Amino acid sequence: MLLIVSQALLWALCLLLAVAVAVLARQVGILHERIAPVGALALSQGPQPGEQAPQLTVRTLDGAPRALGGATAKAQLLLFVAPSCPICKQLIPTAGRVAASEGADLFFLGDGDLGQYAQMAVRLSIAPDRLAVSSEAGYAFRVGKLPYAVLLRPDGTIAAQGLVNTREHIESLFTPAETGFGTVQDFLGARRAGALANDFTKVGSHG
């Protein structure tokens, strides 16, 4: 008799545990939907997403002209960096991997001493035709802090932009580009608004 009671209690405990796990999984799913990932910080200055990017020509480290903006075969990811920026040094290889996985053309830009940028290119294995030192480019995109990234669509319009410090920040630039939102902040704001509207709908239906 005691064995039967103990078995019954064990089964009841297993059922309660299964219910608790199911409730916890549901709550984790809700939190995943409502807690926004930290994306690149878009700034209000300079040309904005959806607008045509400034068109200019810069000189790469090997002396060749490079056109920025305008129609291209694929998306362009412009990453503004500096030799004295420690985060830039860590982010450059990561940016290369993200751009390759997203099928974007990565190009580096900077402003300062050409010799220092040439040394940085050697240390970080940046091809000479993938980096240009141009104060004009930084001014055209109103770059104030580094590292700063700008994603251009093939038609030459700005898809997204912002300060980037991690791989997640760079990847977040491609999220609004794929969803049609101008910035990752717009995308996350719309998602929050949608979640809030769903909450109101549920409350109204219960009322």
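What follows draws every value from the coordinates through simple rules; no lab data is involved. What you see is a predicted model, and the numbers here were worked out from it, not measured in a lab. Note that each Cβ is placed from the backbone with ideal geometry, even for glycine, and that neighbours are counted across all protein chains shown.
If one puts a single equal scatterer on every Cα of the range 48-152 and applies the Debye formula without solvent, what log₁₀ I(q)/I(0) results at q = 0.10, 0.16, 0.20 Å⁻¹?
-0.24, -0.65, -1.07
Say each of residue 4 and residue 74 gets a label point 7 Å from the Cα, pointing the same way as Cα to Cβ; how far apart are those two points in nm?
Distance between label points: 7.1 nm.
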